[in-house]
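Step one of this worksheet: look at the structure below.
The values are calculated or read from the model by the stated rules, or taken from the named source; none is laboratory data. Keep in mind that what you see is a predicted model, and the values were worked out from it rather than measured. Here the Cβ positions follow ideal geometry from the backbone for every residue, glycine too, while neighbour counts run over all protein chains shown. Side chains are part of the model used for accessible areas, which takes the heavy atoms of the whole protein and leaves out ligands, DNA and RNA. Shrake-Rupley method; radii C 1.70, N 1.55, O 1.52, S 1.80 Å.
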Amino acid sequence: MHDKEINNKINDLREKINNHNYRYYILDDPQVSDAEYDRLMRELQNLENRFPELITSDSPTQRVGAKPLAAFESIEHTVPMLSLDNGFDQSEIREFETRLNKLLLPLDVVEYVCEPKFDGLAVELVYENGIFSVGSTRGDGQVGENITQNLKTIKTIPLRLFDKEVSIPEKLEVRGEVVFSNKDFKKLNQQREQAGEPLFANPRNAAAGSLRQLDPKITASRPLDIFFHSTGQIIGYEFDSHWQFLETITKWGLKVSPLRRKCTSLKEVFSFYDELVEQRESLPYEIDGMVIKVNNLDQQSRIGIKTRSPRWAIAYKFPARQETTQIIDILTQVGRTGTLTPVAVMKPVNIGGVEVSRATLHNQDEIDKKDVRIGDWVVVQRAGDVIPEVVKVIESRRTGNEKKFQIPNTCPVCGAHAIRIEGEAAVRCQNLSCPAQVKQQIKHFASRTAMDIEGLGDKLVEQLVDSGLVKSSADLYYLTTEQWSGLERMADKSAKNIIDALEKSKHINLGRFVFALGIRFVGEHAARLLANYFKNMNNLKKASYDELLSIHEIGPQSAQSLVQFFDEPKNIKTIDRLIQAGIQFEKVKTEADQVLSGKTFVFTGALELFTRHEAEELVTSRGGRASSSVSKKTNFVIVGKDAGSKAVKAKELGVTILSETEFKEMIEKKPNR
Ligand code: IVH
């Protein structure tokens, strides 16, 4: 290809990808499959690898990959980023209108645009001739921080504006709110709790914390989104109204909330407010009010601004979702995975229309950090579908009679030891037969990759535990035919099927059995390593921390967890009963069978000869490791149909690529000794 042709090809690919991004992220109406999109991205990536001189800052490949910064540089906003005055009830909004009318002419007819007030982090983005050049935080309104590389990682931010329908201005400073969805916030905090990291107090803090990362890779791993709502300086385009601004920037590819309304009277404003209050609970993002703006920009400029806020807009706030109440007691709840969670029992309080009498205190670290005590008056917050939580203690209301709280070191449900593993925030009950954990444990035990007990689905497990028939996985093997067929919706035939499946599961390899026990930090791979090393259950049970650590790929976290698990007499009893029930271990393979020992495999694309799980089993049962991502340490990548970016990466890294047939031949080869 000639230079010009290559350039055209690259431009064509970028345009296609930008278009698909727009359809996917802004319109939520994709036109192509993910595979097709990946193919275009790969093609562009390959061309850019070959011709790096043709890479531009707005290329869709440039979202991630920037190096971590030492510090953020300061950026002065061309036009100050203002804040908004607040109104809390209808009378304050009427006063706002009275003020407006005084500043306008008698013949002026005021039209409003109402939109959600997003509870996120305000940012400004500069587009020069349609290309995203600089992005910054609000800072103090005059000077913010340059967070361009972090903003580039947000998929809903276009790196280049569309100019098909409406031509783009020479310069556009556009402002918006970066938000974190309630669902992702909950997930992120759960992960942080597991990892013993401090929790974010709310989605807004999670958005702020994610954007203020010096390493853009961390930002890229956080699911941030943005809604644009206002402008800074614009050169080369004139708008007549705010509504027209919102409609136009949507055509340029900038995301604007669909929840907006033009209103010609306060009656309409109040009715839209009521609608938003209703919708608030079911929205994926936090909004804390409705912004009312004068639509006509000429009127806006005649009305003018104050030092820190415009006179032509107001935030009509929603009822608070924080209230003050008193903690009567602190209880300890046991979660599905045995985590002991402290829960504050409070004097009931109505928070934004919902009565709240319990709030999570997360873990001991959070209790200590906030210094929460029984009897304390506290601020409680409820947000979206997130569990209510204690925000802070009102220390001035202490009487001296408050009592400190310590999470117990025994499980409040079953009395077994509850232990905090080093590096983790949570205290966990170590008892495999704790009723609060049993359901989850049994579901795992019966699952396909563990004991593979066909027909023992979630519903059935719940019934068995709730009826008291099953208190540990071992009980499954001691139920009589009558007990099985006496269960709800259990026909004789199904009972027989389950009994057969249980019989079948008794012949199992040791690795699967160890995995089925559901020991924390002992996944399928670790379980197999342990089985290969110890050869039988007795040796494993007696293993010391140091011996476990001496096994390649077993780390301190798994080692400690194993020692604690086998220290718990209830767990030993369950294992003994399982073996008494007739569980028999297949012979552990000898070293000679471990032909793939030390080799790492990655499978990508649609496999035709095996299921993904079968293929991975073939590797792991021969001592190899199946991984999901390609790195320099990968030995083989097996490509199925429509293999994606992993195959490309393998090529780049010089990793051996095999077809499925080649892989099959490889594993069928007998060991050469
Ligand atoms: S208009 C000059 N529209 O609220 C007017 N702001 O308290 C200010 N905010 O930092 C911008 N949602 O980032 C506007 N729909 C919306 C908004 C919104 C949230 C933020 C804004 C500003 C803060 C002002």
Exercise. From the set of residues in segment 231-282 that are open to solvent by less than 50 Å² (accessible area, probe 1.4 Å) and small (G, A, S), which is nearest to E165 (Cα to Cα)?
Worked result: G253
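When you look at A344, is it within 16 Å of the ligand (Cβ to nearest atom), surrounded by 14 or more Cβ atoms within 10 Å (Cβ to Cβ) and of a type in the set (G, A, S), yes or no?
no
Just to check your reading of the model, which residue among E115, E128 is within 25 Å of Q233 (Cβ to Cβ), at pLDDT 95 or above and either open to solvent by less than 20 Å² (accessible area, probe 1.4 Å) or within 16 Å of the ligand (Cβ to nearest atom) (or both)? It would help to see each step written out before you state the result.
Working: E128 fails: either open to solvent by less than 20 Å² (accessible area, probe 1.4 Å) or within 16 Å of the ligand (Cβ to nearest atom) (or both).
Step by step, each of E115, E128 is checked, and only E115 is within 25 Å of Q233 (Cβ to Cβ), at pLDDT 95 or above and either open to solvent by less than 20 Å² (accessible area, probe 1.4 Å) or within 16 Å of the ligand (Cβ to nearest atom) (or both).
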Seminar exercise, completed: All conditions in (1) over 19 Å from R261 (Cα atoms); (2) of a type outside the set (A, V, I, L, M, F, W, C); (3) touching a Phe, Trp or Tyr at 6+ places or on another chain (Cβ under 8 Å); (4) surrounded by fewer than 19 Cβ atoms within 10 Å (Cβ to Cβ) are true of T307 except (3)
Exercise. Take the residues of segment 274-326 that are within 13 Å of the ligand (Cβ to nearest atom) and of a type in the set (V, I, T): which is nearest to K186 (Cα to Cα)?
Worked result: I287
For this session: With a cut-off of at least 3 residues that are over 22 Å from H229 (Cβ atoms), name the strands (runs of 3 or more DSSP E) lying wholly within segment 281-370.
Result: 322-334, 339-351, 354-360
Exercise. Counting only residues that are out of contact with any strand residue (DSSP E or B) (no Cβ under 8 Å at 6 or more places or on another chain) and not β-branched (V, I, T), which one in segment 502-515 is most open to solvent (accessible area, probe 1.4 Å)?
Worked result: K504
Exercise. If you scan segment 12-48, which residues turn out to be modelled with pLDDT of 85 or more and either of a type in the set (A, V, I, L, M, F, W, C) or open to solvent by 80 Å² or more (accessible area, probe 1.4 Å) (or both)?
Worked result: L13, E15, K16, I17, R39, L40, M41, L44, L47
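Let me confirm something: among D58, D108, D28, which residue is in contact (Cβ under 8 Å) with a residue 40 or more places away in the chain, within 18 Å of L254 (Cβ to Cβ) and either part of a helix (DSSP H, G or I) or acidic (D, E) (or both)?
D58
Being open to solvent by 40 Å² or more (accessible area, probe 1.4 Å) and within 35 Å of the chain's Cα centre (by Cα) narrows it down to one residue among K496, K471, K535; which is it?
Working: K496 fails: within 35 Å of the chain's Cα centre (by Cα); K535 fails: within 35 Å of the chain's Cα centre (by Cα).
Answer to the selection: K471.
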Seminar exercise, completed: Counting only residues in segment 597-626 that are among the hydroxyl-bearing types (S, T, Y) and touching a residue at least 60 places away in the same chain (Cβ under 8 Å), the one surrounded by the most Cβ atoms within 10 Å (Cβ to Cβ) is identified as T620
For this session: Restrict the check to segment 134-151 and report whether at least one residue is under 30 Å from S271 (Cα atoms), open to solvent by 20 Å² or more (accessible area, probe 1.4 Å) and within 11 Å of the ligand (Cβ to nearest atom).
Result: no
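Being open to solvent by 60 Å² or more (accessible area, probe 1.4 Å) and assigned to a helix (DSSP H, G or I) is true for just one of E422, E482, E488. Which residue is that? Can you show your working first?
Details: E422 fails: assigned to a helix (DSSP H, G or I); E488 fails: assigned to a helix (DSSP H, G or I).
None of the others qualify; the one that does is E482.
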